[in-house]
1. If you place +1 on the Cβ of every Lys and Arg and -1 on the Cβ of every Asp and Glu, how big does the dipole about the Cα centre of region 302-484 come out, in debye to the nearest 20?
2. Regarding region 302-484, what's the average projected area of the Cα-atom convex hull, expressed in nm²?
3. Under the rule of at least 5 residues apart or a separate chain, name every residue whose amide H is placed under 5 Å from the amide H of residue 716.
4. Reachable lysines from residue 37, Cα under 27 Å, same-chain residues fewer than 8 places away excluded?
5. I need the peptides 509-515, 194-200 ranked by packing, meaning the mean over residues of other C-beta atoms within 10 angstrom, with the highest value on top.
6. Straight-line reach from residue 429: which lysines have Cα under 22 Å away, leaving out those fewer than 8 places along the same chain?
7. List the extent of the Cα atoms of region 651-731 along each of their three principal axes, largest first, rounded to whole Å.
8. Kirkwood Rh and Cα-based Rg: tell me the resulting Rg over Rh for region 39-96, rounded to two decimals.
Amino acid sequence: MNNASEPSNVVDLSQRLDPRSESVGALLVTVRGLATKRLHALASNMFENIDDALFDLAEKAENNAAQTQFFDGMREVRKKRAIVERTFLGQVARDLADFSAGRTRAPDADGAGRPLANIELSLVGENELEESLAITSMIGKNEQRLARALFAVNQRLSVICGGNKMDDASNPVGPASLAGAFRQAMRELMVEVRVKLIIYKLFDRYVLAGIDELYDDINNELASAGVLPQLRHEISTRRSDAPAPIGPVSATAMPQAAATPVTDAAAAEFMQSLHALFSARRDSMPAVGGPMGTSLPTGPLPSPAELLGALTLLQSQIATLPNTAAPLATQADVSRDVAQLKEQLLAQIGQLRGQQTAHVSGMDEDTIDLVGMLFEFILEDDNLPTEMQVLLARLQIPYLKVALLDRRMFAHKSHPARQLLDALADAAKGWSAEADRDGRLFDKMKSIVERLLHDFDDDTAIFTRLAGELQDFLDVSRKRAELAEQRVAESTRGREKLEHARRRAAQEIVGRIGGASLPPLIYGVLTRAWANYIVLTLLRQGEESQEFRDSLRFIDDFIASARPVHDLNGRRDLRAMLPGIERSLRRGLAAVAFQEADTEQLLGQLHAFYRQQLGEAAGETVSGTIVASVMPLPEAIQAIEEPVAEPEPDDEVDSLLDEAFDERNLAQARELKVGQWLEFTAADGTTDRAKLSWVSPISGRYLFVNRRGLKVADHSLAGLAQAFAGGTARVLDSTLLFDRAMDAIVEKLRQPE
């Protein structure tokens, strides 16, 4: 086609374009129209799917509370769909209007083109952090996915706006601007953060995933109008701190891995979020030179193979030190080595290259710093005994190598290296020198650390093998501990049942006697022989049994039989009562293994007493003592044989009355769950770690055992509250080490230096 046939609206690029010109204005109107039409259709489709998605989730909810959240979210979206959609499209229209008026947004400081990258530093709520990380992740993923088309749109819009630089962040229809507009619109919805994150996922799936066609429309329209018609969708040279590929690669294949697409979206999103946090943190600090505080280094970046090679040299130096047979002597030594690894790595690379200094890409530096922060956390984690902190900290280099090989370790809980570290830390949590006198657990963990230092090169399968070996060792240890723990619990449970039965018997007998003055014979039978029978009845048949109710009825009848008789009716009633008393007494004494001769002797004394009551043998006297009190009883009965006394007040209640406990300490004790680990500090400052094994349903006492299943402590609720208040007991965190570390690292990155 010759020039004469060119369309009349082709822009003359030989001149500097004025955004206020008529031709450019028409192009901007066209871009706005394309964006509005396409985004309106995408947003409508998204809202149709939100309702279905929330309904499906509600039907599959794990509990009623979650189901309520989803249904409430459905109602809120239905009610406010129009205003949310209008707010979103309105914000996009305002961004396009600002662009048309020449009010372009400057890129953020790190050049990443992500306006949300610095939000994390100002967030105060965990929910807002989750929301920001979700948005930052979807921006990074889509900017990478759409890099070619987005680059062409940026270049053509730069021409339209007078040659001003435009990048992903300042593009009014780029993923960052669209995500920011949708976040603004989402403020209209009053829903739980769980529902909000689901809606963001759907925005990513149905809106951002469909803007490819919008970019094609814009590029085609502007190219046909003469705006850079020859421009291909080429990507400018990636910055040195662009995200590295994520996925397991061998050391020999790593130099070519830069061209490999990201194969794991979740890991890529997570690392992109962390990269944003690291970038924002670096931007907030004054520039003081390169990574080592020197002048900015120059020269090519080290390849992945160079990084791994330098780390392998450092690893071999540690593995061959004379003291590898034992952990480093002090925590300070290991802390110093953890802090200096980055500097040592850069120096090692410099030596390999014959240079004084070296530098790495931004993403590699983030990975090095992230692993360094992970092991700093381990050295500060009071969930671990000091000896175990020092031991595990020696794994920094192997784990840095894993992170450089496969950054999915930070995002996937199922990653073998992550699972091994979590398993080591979980086993270490319950370790103490007292509970591991033979050193079997410590030696096993030390052997795993040393095998990683000696044998790990680039094959991550070693982590799976070692995790399996550790699990087999722990399974055997746990089975032995469970048997010992069961014996301790059964013994404690038996003693408590006996004590409870004795107390219950005492309460019933003393309560029924009240203030009555009983003859010594009657009192002796009740408080000794019959008390033993009640105890055994409670232990064998329980409080709901007919036998227990009959034993209480006997107490009342027996006490009534001891009252003085003054008339004929009273003697008639007593005579009617005596056969039943004798039958019950014979049955009860037999149950507690009285010999027949002893029973007959006791009944003979009672017969004499009742004859005196009835006036049949007024001159006969009664010894006033109970034969059973001096009789030798079987060993099983002697174990519980003791005169019943007035029950003492509840020790725990008295303690609570005497101590001014903070309610939080009591609540903390009440909320303990079986299986949780605590650390107890003795008066001399020594500490011991114990697991809550059992809570008595009778007394409410807490039984603690060590990792061998042996009893360590036995506390009441009040005693535990007092220990928490005094700082002599603390609960160890049951969350996995890696999860706690990543939460702490993200929180630290959010805080300004």
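1. Details: 19 positive and 29 negative charges, 60 e Å.
Computed charge dipole of region 302-484: roughly 280 debye.
2. Working: hull surface 43.2 nm².
Mean projected area of the Cα convex hull: 10.8 nm².
3. Amide H to amide H, under 5 Å and 5 or more residues apart or across chains, residue 716 pairs with 702.
4. Cross-link targets: 79, 80, 141, 165, 196, 201.
5. On the way: 509-515: 12.4, 194-200: 19.0.
Ranking the peptides 509-515, 194-200 by packing returns 194-200, 509-515.
6. Answer for residue 429, where 22 Å is the Cα cut-off: 413, 444, 446, 479, 673, 691, 711, listed by chain and number.
7. 36, 31, 19
8. Numbers: Rg = 13.7 Å, Rh = 12.4 Å.
Dividing the radius of gyration by the Kirkwood radius yields 1.11.
Bear in mind these aren't lab numbers, they're just calculated from the coordinates by the rules spelled out. All values derive from a computational prediction rather than experimental measurement. Quick reminder, even Gly has a Cβ in these numbers, built from the backbone with ideal geometry, and neighbours come from all protein chains shown.
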